[in-house]
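The values are calculated or read from the model by the stated rules, or taken from the named source; none is laboratory data. Worth saying up front: this structure is predicted, and the values here are computed from it rather than measured. Positions of Cβ are generated from backbone atoms using ideal geometry, with glycine treated the same way; all protein chains shown enter the neighbour counts.
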Amino acid sequence: MQPKHFQRAGIFAGILIISFIVIWEIFWRSQGFPISFNDDESLWSEKREQVYKPIDEATVFIGSSRIKFDLDIPTWEKITGEKAIQLSFVGTSPRPLLDDLANDIKFKGKVIIDVTEGIFFDPNEARANSSAATAIKYYKDWTPAQKASSRLNKFLESGLVFLDKNKFSLNAFLNEIPLHKRKGVFVFPLFPRGFEMNTSERQNFMTDDFVKDTVQHNKQIANWIFFGDTVITKGIQGDSLTTVLNKVKKSIDKIKARGGKVLFVRTPSSGGYIKTEQIVYPRDQYWDRMLAYTNTQGIHFQDYPGIANFICPEWSHLTPADAIIFTREFIKILEEKGWKFKTTKNL
């Protein structure tokens with residue numbers, strides 16, 4: 001084949017590739033999917049680098065998925081004038097993150113710890129802590145090449161919907177293939193695509209389509225019931241609980257000793273989820289005891305009318321609209337508890 005023919009073939013192949021990318025992007029945008037960033041170790045590490053801001057310029061949030069959905073970061077930053085540094089992980093206990101901050105002598109800031117009892121007090125620590133442990137190790141070993149790659153990926157993801165690997169990669173589509181249940185084999189349930197999107201600031205949010213669709217709500221509720229039957233077990237008790245509370249207290253005391261500030265928050269749940277949580281994790285045995293044992297402030301959503309009556313569409317997380325309301329009310333409650341912010345606009 002002559003060089004000219006190679007050139008034509010290359011141009012034709014390039015046109016095909018570009019056409020496919022454009023069509024693929026247009027298709028997913030037409031389905032109502034917004035830009036969503038991959039919530040990987042690099043994005044987390046980018047936020048972890050920011051925790052050294054002065055105490056009056058930022059608040060660090062650690063927890064699991066509820067605070068990632070329920071805290072509306074633009075609202076927080078607009079009202080308080082401070083940076084919200086979201087370090088929480090979906091399905092992960094904040095305890096290893098708290099320990100990481102406590103042992104970092106350079107950290108002297110504010111920390112808000114989101115408590116979802118089924119994860120925070122999960123007796124299977126390897127399962128509850130795996131994502132956090134992996135990210136912490138990644139951050140400590142974060143190379144310049146990985147940093148550069150992360151910035152490039154973030155730039156590309158900011159303009160292309162289909163680059164969300166958790167939704168539109170080959171593996172994501174393969175996971176949608178229905179498999180028969182096999183004894184001894186755990187098959188992770190399929191989440192509706194619109195349930196969990198992610199901003200560049202690591203805030204999770206539901207798509208408008210998911211919010212409006214009760215069929216998708218019920219699918220996700222079925223997933224939570226599945227996890228309740230197969231994964232979530234009763235929390236640690238007795239000496240094991242005391243040991244955990246002692247570790248949490250030591251971490252909090254380290255942060256306080258350096259001039260930092262710590263607060264627990266119990267974010268909203270509703271429906272069957274909150275009914276089960278109240279039975280499996282009695283408030284007096286877990287939440288109340290933890291606050292007293294650690295001598296730390298706490299905000300439980302059921303104690304404050306402004307945040308007590310949210311209905312989570314799938315029982316466990318707030319819609320984007322409710323997250324804005326929750327964040328506004330949450331800031332008011334924090335101020336009542338003596339937390340100071342740079343500004344308090346539009347309260």
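Worth pointing out:
- Some residue of region 317-339 being surrounded by fewer than 14 Cβ atoms within 10 Å (Cβ to Cβ) and outside any helix (DSSP H, G or I): yes
- The residues listed here are Ile26, Ile62; of these, the one that is among the β-branched types (Val, Ile, Thr) and either within 30 Å of Val244 (Cβ to Cβ) or at pLDDT 95 or above (or both) is Ile62.
- Just one of the numbered conditions (1) under 20 Å from the mean Cα position of the chain (by Cα); (2) outside any helix (DSSP H, G or I) is not true of Ile55: (1).
- In region 155-166, the residues that are closer than 9 Å to Ser36 by Cα and part of a helix (DSSP H, G or I) form Cβ pairs under 6 Å with partners that are charged (D, E, K, R) and at pLDDT 75 or above, at six or more places apart or across chains, as follows: Val161/Arg29; Leu163/Glu157.
- Flag set for Lys106, criterion: in contact (Cβ under 8 Å) with a residue 40 or more places away in the chain, in a loop (DSSP other than H, G, I, E, B) and closer than 30 Å to Thr343 by Cβ.
- Scanning region 24-46 for residues that are in a helix (DSSP H, G or I) and under 17 Å from Asp164 (Cβ atoms) yields Trp24, Glu25, Ile26, Phe27, Trp28, Arg29, Ser30, Glu41, Ser42, Leu43, Trp44.
- Within region 86-98, at least one residue is at negative phi, aromatic (Phe, Trp, Tyr), under 21 Å from the mean Cα position of the chain (by Cα) and not in a helix (DSSP H, G or I).
- The single condition among (1) within 20 Å of Phe27 (Cβ to Cβ); (2) at pLDDT below 75; (3) surrounded by 10 or more Cβ atoms within 10 Å (Cβ to Cβ) that Leu174 does not satisfy is (3).
- Qualifying residue in region 158-167 (condition: of a type outside the set (A, V, I, L, M), under 23 Å from Val51 (Cβ atoms), at pLDDT below 80 and surrounded by 14 or more Cβ atoms within 10 Å (Cβ to Cβ)): no
Okay, residues lined up against (1) surrounded by 19 or more Cβ atoms within 10 Å (Cβ to Cβ); (2) in contact (Cβ under 8 Å) with a residue 24 or more places away in the chain; (3) touching a strand residue (DSSP E or B) at 6+ places or on another chain (Cβ under 9 Å):
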position: Lys219; (1), (2), (3): no, yes, no
position: Ile225; (1), (2), (3): no, yes, no
position: Asn295; (1), (2), (3): no, yes, no
position: Phe301; (1), (2), (3): yes, yes, yes
position: Ile307; (1), (2), (3): yes, yes, yes
position: Cys312; (1), (2), (3): yes, yes, no
